Structures are given as C-alpha cells and as structure tokens.
Amino acid sequence: MIFRHPITSDGRRFKLGADALATFDRFRQIAPESLEASGLMIGRTLDGGNLIVDEITTPGPLDERSRFACSLEDPSHQQRLDEAWERSDGRSNYLGHWHTHP
C-alpha cells in the first residue's frame, strides 16, 4: 500500500502526485518473473517544508534489473532531473530514490 501523504520523522508531509502513484502501480512486482524497478523522485519543497513528488523516472534501457536487485545506470534519470530543474527555474529538485521489492 502506498500512503498519499505520509508524515516524515520531523513532522513534514510527503505528498505523491497522481502521476507518480500511477507509475509506481505499473512497476509493482506481482508476478514471479517481475523485475525490480527503480528511479528518481523529482519534486519541490513547499511552504512549511512539506515535500511533493511531481514526477518519477522509470527504468531505462541501460539500468540493470533482476528479480531481487536494480541499479540506475541509464543517463535518462539525470537528464530528466536536469530538465525539471530548468523548467521550474530551480524549484524542482532530487527528492530521493525509489525502488520496488518482490
């Protein structure tokens, strides 16, 4: 289960946008042959320090994936982060890394 507005250890809220939630759902490891997936969470810090994830990157062709491991190797992750930074005039930034588990 994914919580839409979990609270961080310091009391700030962490909101996942609808597009990010839909993407996470696509990469759930339901079948025995499903591979782990990973990417970057890109978003903003709002007033009061709350965080919102606006977009996430998804596995690229050069990323290494297996049933129980994954590694970000594809340059598309950094490219998407750079593009988000530019589009937002520096307001969107790296918020963290996500990955799945079987």
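The values are calculated or read from the model by the stated rules, or taken from the named source; none is laboratory data. Since this is a predicted model, take the numbers as computed values, not measurements. All Cβ positions, glycine included, derive from the backbone under ideal geometry; neighbour counts span all protein chains shown. These accessible areas exclude ligands, DNA and RNA; they are computed on the full protein's heavy atoms, side chains included. Shrake-Rupley method; radii C 1.70, N 1.55, O 1.52, S 1.80 Å.
Does GLY11 satisfy the condition of being assigned to a strand (DSSP E or B) and small (Gly, Ala, Ser)?
Details: assigned to a strand (DSSP E or B): no; small (Gly, Ala, Ser): yes.
Spelling it out, it is not the case that GLY11 is assigned to a strand (DSSP E or B) and small (Gly, Ala, Ser).
Report, by residue number, each residue of the stretch 75-102 that is polar (S, T, N, Q) and in contact (Cβ under 8 Å) with a residue 24 or more places away in the chain.
In the first step, residues of the stretch 75-102 are kept if they are polar (S, T, N, Q); the result is 76, 78-79, 88, 92-93, 100.
SER88, SER92, ASN93, THR100 - these are the residues of the stretch 75-102 that are polar (S, T, N, Q) and in contact (Cβ under 8 Å) with a residue 24 or more places away in the chain.
Has the stretch 20-36 got at least one residue that is in contact with a Cys (Cβ under 6 Å, 6 or more places away or on another chain), at pLDDT 85 or above and on the phi < 0 side of the Ramachandran plot?
yes
Being modelled with pLDDT under 95, open to solvent by less than 60 Å² (accessible area, probe 1.4 Å) and more than 14 Å from ALA20 (Cα to Cα) is the filter here, so list the residues in the stretch 42-66 that pass it.
Once the filter is applied, which keeps residues that are modelled with pLDDT under 95, open to solvent by less than 60 Å² (accessible area, probe 1.4 Å) and more than 14 Å from ALA20 (Cα to Cα), the stretch 42-66 yields GLY49, ASN50.
Taking the residues in the stretch 67-102 that are aliphatic (A, V, I, L, M) and closer than 16 Å to PHE27 by Cβ as candidates, determine which candidate is surrounded by the most Cβ atoms within 10 Å (Cβ to Cβ). Even if it seems obvious, please write down each step before you answer.
Step one: of the stretch 67-102, the residues aliphatic (A, V, I, L, M) are 69, 72, 81, 84, 95.
Those left that are additionally closer than 16 Å to PHE27 by Cβ: 69, 72.
Working: ALA69: 11, LEU72: 19.
By that ranking, first place goes to LEU72.
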